[in-house]
Amino acid sequence: MAQAHAEFGLGYSLNAYYGCDAGVPTSGAITLGHLYGKKKMPKYQYYKLFYLNSIYAGSYAPGVAEIELRATPGGPDLITGVVGSSSPSGIPNAYAADNSTSTIWEGDSSSTTSQFISLQLGSQQAIKQIALYIPSYYTSIGGFRLYASNSPGSDIYTAAAIGNGVVLGDYTVSNPVVGWNLINL
């Protein structure tokens, strides 16, 4: 842990970086089992990325050229559709997951809250990695909360939390770069 603090600073989250269980000790001996233990992720079909405040670069709303949800790090994208977002009219929701890094999904720049995008998988899957392709002028992406559900109801189409779902966690893109940014869950 001392090395983690030296390398990443105090307040560093082993859970967010290594994808280990939240119960990892913060002092004493930490084993590889703590960091890479057999974490069983539940399976869901609908996921919502809800962007947290303080993520805007200038007057830009959050934007990504591509989002991928993967069952294994580096694995194939499992998204079959974008089913809702805070994007204003004129910017197709599908731009977030159309397998093209030249199209950009953007949230509503008139609002500094309630920015979200809802994604559907072909079947229930346990997600282990989120990959975000960040265009050059969106590198202040900051963080987001990840919601999941198997029967989202109308909540998937609004900025509200998925009422019958769960919060999988809050994640931050540390030092985002133009291009692919990977978040392991």
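Values in this text are rule-based calculations from the coordinates and carry no lab data. Source: prediction; values computed, not measured. We place every Cβ from the backbone using ideal geometry, glycine too, and count neighbours over all the protein chains shown.
Put simply, when 143-149, 172-178 are sorted by average Cβ atoms within 10 angstrom per residue, most first, you get 143-149, 172-178. Amide hydrogen proximity for I79: with H placed 1.01 Å from N in the peptide plane, the residues at 5 or more positions away or on another chain lying under 5 Å are L69.
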